[in-house]
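Reviewing the structure listed below.
All of the numbers you see were taken from the coordinates with simple rules; none came from a lab. None of these values were measured; they are calculated from a predicted model. Here the Cβ positions follow ideal geometry from the backbone for every residue, glycine too, while neighbour counts run over all protein chains shown.
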């Protein structure tokens, strides 16, 4: 039996899978990122989901891939805590970018860029070397993801209203999303706590929609594409994969939602970096990748992996 977990900032998916790829249970709960909850609380969230999934069969492998597990000390601490709780005979812990990479390619190596509320990237070379990023936000040089895109839209709307910046349709679209008339009314609502600032993440799809006809929104979209390309480029260069036929997997809600202009800009940028590479937008939930890595650890065959993919896709849609 395998316990496969993909834990993000806002939700956690846990799958119980047999060694032949049969799906026993798939449950979803709140986020389990140690950055937001602390290690103990993050593990408690997962333990609650594990009890909900319940099976009683011995678990051979626990594959936990969580947002906010970025440094070796975090991997070690989380792994030790899970091992102490006795969930499985073998415990593997790492960042959720590995789930996206494994879900998006069967090669076992490549580059994955994840863009959801935040942004992160991982690269794996054929010889097993990794290229990683701390992904701690501005203090580690990060920009991208729904929160940054949404905040950029709020700023652009405010500057359009008072004349410091160019006119943009975001001036009306951004406050309208929250049922308000003007950017200044939105600023006041955020300042006094009537609208929590983290909700700006909701604006990212609006920015991509406005980018089709608004230059300011298009500039925000293009900046996001450039950041995705920059992360992938650095990972490829670190691992000497620039000349290799590498898969670059794009995951996370902001890249998965199918904005053609955004993906086209990423593809164009990556062609200048790795001409032999191929960009894939993964439409599978990351828990698929976590479960596949669990099957890999058991040496499962292609039949088991395909059975698992189909079962998890159907369960996720359902």
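Annotations for the structure displayed:
- Using alpha-carbon coordinates, inclination of helix 146-162 to the longest axis of the chain, degrees: 0 degrees
- Inter-part distance, region 137-165 to region 1-72, computed on C-alpha centroids, equals 33 Å.
- Region 105-282: relative contact order in percent, alpha carbon pairs under 8 Å with at least 6 residues between: 27 percent
- Estimated FRET transfer efficiency (residue 106, residue 139; beta-carbon r; R0 25 Å; 0.05): 0.10
- Ordering 40-53, 91-104, 8-21 by mean Cβ neighbour count within 10 Å, with the highest value first, yields 91-104, 8-21, 40-53.
- Over region 1-91: Kirkwood hydrodynamic radius from C-alpha pairwise inverse distances, Å: 12.9 Å
- Spin-label model distance (nm) - residue 272 vs residue 41, 7 Å beyond Cα toward Cβ: 4.3 nm
- If both residues of a DSSP beta bridge must be in region 105-282, then about 55% of such bridges are antiparallel.
- Here, region 184-318 has an Rg and a Dmax of 19.0, 58 Å when only alpha carbons are counted.
- 0 to 90° range, to nearest 10: angle between helix 72-85 axis and the chain longest Cα axis: 50 degrees
- Computed from Cα atoms alone, the Kirkwood hydrodynamic radius reported for region 112-169 is 13.5 Å.
- Taking 0.36 nm per residue of separation and subtracting the current Cα-Cα distance, fully stretching the chain between residue 89 and residue 77 would add 2.6 nm.
- Normalised by the number of residues in the chain, the mean separation of alpha-carbon contacts (under 8 Å, six or more apart) gives a relative contact order of 21 percent.
- The percentage of C-alpha pairs in region 105-282 whose separation is greater than 26 Å is 34%.
- Mean ellipticity per residue at 222 nm, deg cm²/dmol - from DSSP H runs of n ≥ 4 across the chain, formula -39500 (n - 2.57): -14500 deg cm²/dmol
- With contacts taken as Cα pairs under 8 Å and at least 6 residues apart, region 194-274 reaches a relative contact order of 34 percent.
- For the chain, diffusion coefficient by Stokes-Einstein and Kirkwood Rh (Cα), 25 °C, 0.890 mPa s, µm²/s: 120 µm²/s
- On Cα atoms only, tilt of 302-317 relative to the major axis of the chain in degrees: 40 degrees
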